[in-house]
Amino acid sequence: MNIVQNHQEVYTVHIYGKPIMSGFQMLGVMQVKISTELGAENSIPGVKLLDLFHSVEFLKEFKYDNNHPIYLLKCGLKSLKEFQDFSKNESLEVLKIYEFNDASAIFSAIMTGPIPQIMSMFDEVWPTSPTMLNSDELILTLQGSSEGLMKARKQLIELLGDTFKISVNNNFQGQWDTAPGLPRRRKEVLETAIEMGYYNAPRKCRQRDIADAIGLKQGTVAEHLQIAESLIINAWFNQGRL
């Protein structure tokens, strides 16, 4: 289903959101796409990074330094010499270079621009892949609780103004990165449980129904669900603290 809110069309922002675990109602993914032309019009300092880089990919958020987030970045280089001479500008300060060649570099940096601040300002929201800047657009992919994503969305709207067009696509598929290493069979049991409404309130099926649907014993289903739930809840808690 697509929901479109029309305002004066000065620029376009696309936001896609869907809970990863619709039964648990724990996590969601929101993806925001902002044109670089829009960023320049609104004086977003990060756009100036394109003077030095072909692309900027956010790999990982580390911690805060004097209220500014630190990110691990992978950047496509326009000039190796210019990068080696570069230390900081108004949106980024290089801290440590881990790897580089003629085409790209991986390094940590303090990010002082408003959008990285928004990505990092709420404990219940964190950036995930893909989050990157290229010559066409800035893609922000944020993961977190429904409340946290709403707060981040509000901050982005306040930053970019209120004359825009928003498209919400409820078919956006969240990733399973909150349950790393989930075996195929366990994932199948969990997905079946969600699809059959086991995690709805009230529940729409029993473990016996799930077992019959996929040809397993009830005890095996119970074990798969218990382990999967533990993995996901602990991964969600720990990832939110990174």
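The values are calculated or read from the model by the stated rules, or taken from the named source; none is laboratory data. Quick caveat: nothing in here was measured; it's all calculated off a predicted structure. Positions of Cβ are backbone-derived with ideal geometry, glycine not excepted, and every protein chain shown enters the neighbour counts.
Selection of region 72-99 for residues being touching a helix residue (DSSP H, G or I) at 6+ places or on another chain (Cβ under 7 Å) and either under 26 Å from GLU124 (Cα atoms) or modelled with pLDDT of 90 or more (or both) yields LEU77, SER91, LEU92.
Given the criteria within 21 Å of the chain's Cα centre (by Cα), part of a loop (DSSP other than H, G, I, E, B), at pLDDT below 90 and surrounded by 20 or more Cβ atoms within 10 Å (Cβ to Cβ), does MET21 qualify? In short, yes.
Counting only residues that are assigned to a loop (DSSP other than H, G, I, E, B) and free of Cβ contacts under 8 Å to residues at least 40 places away in the same chain, which one in region 88-124 is surrounded by the most Cβ atoms within 10 Å (Cβ to Cβ)? Here the residue is PHE122.
Please work out if LEU149 is more than 26 Å from LYS48 (Cα to Cα) and in the same structural domain as CYS75 (by TED's automatic domain parsing). Criteria met by LEU149. Listed by first and then second residue, the pairs linking a residue in region 183-199 that is on the phi > 0 side of the Ramachandran plot and assigned by TED's automatic domain parsing to the domain that holds HIS224 to a residue that is buried (at least 16 other Cβ atoms within 10 Å of the Cβ) and modelled with pLDDT of 90 or more, with Cβ atoms under 6 Å apart and 6 or more places separating them unless they lie on different chains, are GLY197/CYS205. Considering region 177-196, the residues that are part of a loop (DSSP other than H, G, I, E, B) and exposed (fewer than 15 other Cβ atoms within 10 Å of the Cβ) include one that is modelled with the lowest pLDDT, namely ASP177.
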